[in-house]
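Notes for the one structure printed next.
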Amino acid sequence: MSPLLKNYDDVTQELARVCQECGRTPGSVQLLAVSKTFPAQDVEELFRQRGHLCFGENRVQELKEKASLLPKEVQWHLIGHLQANKVRHALECAQWIHGVDTASLFWRIQEIASQMDASPRLLLEVNVSGEESKFGFTPQEALALAREASSRTLQAPLVGLMTMAPLQADKTVLERVFGGLRNLRGQMEQLRGVPMPELSMGMSGDYPEAIRQGATIVRIGTAIFGHR
Ligand SMILES: *Cc1c(COP(=O)(O)O)cnc(C)c1O
């Protein structure tokens, strides 16, 4: 078995183990394989040999190139910062956008999605810890957007929230960041009166804690593909 398939199997087993340990079904956590910087052949191998369908990229251009080489069934998640002038390109190939980090980007995506008759699923990136990360809404800004959005019909549904924990954070910090995102999601659902099922949180170094705190999507690169 190739190292890639072995890593993949190890991660899916560990994910299932953590789910069982905290009383969740493995199907309630979507494994997003973050293939950035790795070749399309690696994506193809996981697709063919394991039937894996969801892949994450952080650059629009790279995502577009890989998407053009792979079968249509593959679902692409854009997880990085998205510049306003690349929204159209992003909507041509990404079904999910995790890094919506300002209100103006959110509304721009709505406008362009309407023009293109596309309905990508959106997640707001929130900077819960208030440090480290350059991008993301503060929790207050996210609530303000939820209020604004509650009176509107959205072309691109707002399905949840995404965050990144500080690197090498200890368990207390991870609990605060991931638990904080979950609480904020609850507040936003109340404001909007619309369910926001997705919590995109947890990467190679911290996904078990994210699952314990309610993650529905974990974004795993290194543990599957190796070091970049
Ligand atoms: C690269 C990246 C990941 C994956 O990180 P690993 O530590 O390699 O698992 C997850 N989320 C985002 C936003 C990324 O850019």
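Read-outs throughout are calculated quantities, based only on the coordinates presented, and are distinct from any laboratory measurement. For clarity, every value in this text was computed on a predicted model and none was experimentally measured. We place every Cβ from the backbone using ideal geometry, glycine too, and count neighbours over all the protein chains shown.
The loop-placed GluC sites (Glu not before Pro) in region 1-83, going by DSSP, that have at most 16 neighbouring Cβ atoms within 10 Å of their Cβ come out as GLU73.
For GLU175 and ARG228, the difference between the fully extended length at 0.36 nm per residue and the C-alpha to C-alpha distance is 16.4 nm. Along region 65-72 the Karplus relation, 6.51 cos²θ - 1.76 cosθ + 1.60 evaluated at θ = phi - 60°, assigns HN-Hα couplings of 4, 5, 4, 5, 9, 10, x, 4 Hz to successive residues, with x for each Gly and Pro.
As a length-normalised measure over Cα pairs under 8 Å and 6 or more apart, the relative contact order of the chain settles at 21 percent. Panel order for ILE224, ILE112, by other beta carbons found within 10 Å of each beta carbon, from fewest to most: ILE112, ILE224. Taking 19 Å as the cut-off, the amide N atoms of region 92-117 that come nearer than this to a point 7 Å along the Cα-to-beta-carbon line of ARG147 belong to 102-107. Working note: Karplus 6.51/-1.76/1.60 with θ = phi - 60° gives region 37-42 the couplings 6, 9, x, 4, 4, 5 Hz, where Gly and Pro are set to x. Gain on full extension, evaluated as 0.36 nm per residue between LYS6 and GLN115 minus their Cα-Cα distance, stands at 34.9 nm.
Taking amide H as placed 1.01 Å from N in the peptide plane, the amide H of VAL100 sits under 5 Å from that of LEU123, GLU125, each at least 5 places away or on another chain.
Approximating the spin labels as points 7 Å out from Cα along Cα→Cβ, the GLU73-to-PHE135 distance works out to 3.0 nm. If you wrap the tightest convex hull around every Cα atom of region 163-228 and split its volume per residue, you get 81 Å³. With Cα atoms as the point set, the chain shows a radius of gyration and Dmax of 16.9, 53 Å. Sparsely packed loop sites in region 1-102 (the trypsin sites (Lys or Arg not before Pro) outside DSSP H, G, I, E and B with at most 13 other Cβ atoms within 10 Å) comprise LYS72.
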